[in-house]
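Derivation of every value follows stated rules applied to the coordinates shown; laboratory data play no part. Everything numeric in this text was worked out from a predicted model, so none of it was measured. Note: ideal-geometry Cβ built from the backbone for every residue, glycine included; neighbour counts use all protein chains shown.
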Amino acid sequence: MDSIDLKILRHLSRNARVSASDIASKVKLSTSAVIERIKKMEQNGTIKGYTAVLDPAKLGKDVTAIMSIVVDHPKFNDGLIAAVNANPHITECLYIAGEVDFFIKVVTDNTKTLETVLNELKSIPGVSKTKTNIVLNSTKNSTPQL
């Protein structure tokens, strides 16, 4: 990856809908060269995908929570991860070092659905402790900048 790839990524990370020709004019390459570089970064996994950033409140998702989870032993991690991946209310899962093993972000309709998610997680073999914090306001939510 060179400085031109980084410039292309910078433009795409700000607006994934920007056209290859717009990027080409800014990085001083031909449109076909930019398209080829983007395809290469998609194939090698640098670009994992493209998405729209949604406002949860406008979708009726009024509760966001951060849960910390302690697992008894790493042999139980796969079961927890499978359950997390299957749950549409869980939007992020971080495996971390420290006093807890996982941080999970839950975005859901209301406290009743949050309770359901919490009870499902608590019932997973090996989950020994959870702590749930309700998010009052999100002051920053962004992707890494280049």
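Classification of the stretch 3-43 by its C-alpha gyration tensor yields a rounded form. The axis ratio a/c (a ≥ b ≥ c) stays under 1.5. Near residue 91, the amide H atoms lying under 5 Å from its own belong to 105, 106, 107; only residues 5 or more places off or on other chains count, and H is placed 1.01 Å from N. Amide hydrogen proximity for residue 129: with H placed 1.01 Å from N in the peptide plane, the residues at 5 or more positions away or on another chain lying under 5 Å are 70. By the beta-carbon count within 10 Å of each Cβ, the least crowded to most crowded order of 117, 70, fewest first, is 70, 117. Quick check on the stretch 56-134: take the gyration tensor over C-alpha atoms, sort the square-rooted eigenvalues as a ≥ b ≥ c, and tell me if it's rounded (a/c under 1.5), prolate or oblate. Cα axes put the stretch 56-134 in the prolate bin. Most simply put, the stretch 1-125 has about 100% antiparallel DSSP beta bridges, counting only bridges with both residues inside it. The long axis of helix 77-86 is offset from the longest Cα principal axis of the chain by roughly 70 degrees. Summing +1 for each Lys or Arg and -1 for each Asp or Glu among the other residues whose beta-carbon sits under 13 angstrom from that of residue 56 gives -1. Specify whether the C-alpha gyration tensor of the chain places it in the rounded, prolate or oblate class, a ≥ b ≥ c being the square roots of the eigenvalues: rounded for a/c under 1.5, otherwise prolate if a/b is larger than b/c and oblate if not. Note, shape of the chain comes out prolate. Note on residue 58: aspartates and glutamates with a C-alpha under 19 Å away, same-chain residues under 8 apart excluded, are 109. Each residue of the stretch 11-25 was assigned a 3J(HN,Hα) from its phi angle through the Karplus curve 6.51 cos²θ - 1.76 cosθ + 1.60 (θ = phi - 60°); the sequence is 5, 5, 6, 6, 7, 5, 8, 4, 7, 4, 5, 5, 5, 4, 5 Hz, with glycine and proline shown as x. Within a straight-line Cα-Cα reach of under 24 Å, residue 26 can be paired with the following lysines, leaving aside sequence neighbours fewer than 8 residues apart in one chain: 7, 39, 40, 48. Residues 99, 92 in ascending order of nearby Cβ atoms (within 10 Å, fewest first): 99, 92. Per-residue Karplus couplings for the stretch 117-130, computed as 6.51 cos²θ - 1.76 cosθ + 1.60 with θ equal to phi - 60°, are listed in order as 4, 4, 5, 4, 5, 5, 7, 6, x, x, 6, 9, 7, 9 Hz, Gly and Pro entered as x. Partner lysines whose Cα lies under 27 Å from the Cα of residue 75, excluding those fewer than 8 positions away in the same chain, are identified as 105, 122, 129, 131. For 38, 4, what's the fewest-to-most ordering of other Cβ within 10 Å of each Cβ? Fewest to most other Cβ atoms nearby, the residues stand as 4, 38.
Dividing the mean sequence gap of close Cα pairs (under 8 Å, 6+ apart) by how many residues the stretch 56-134 holds gives a relative contact order of 47 percent.
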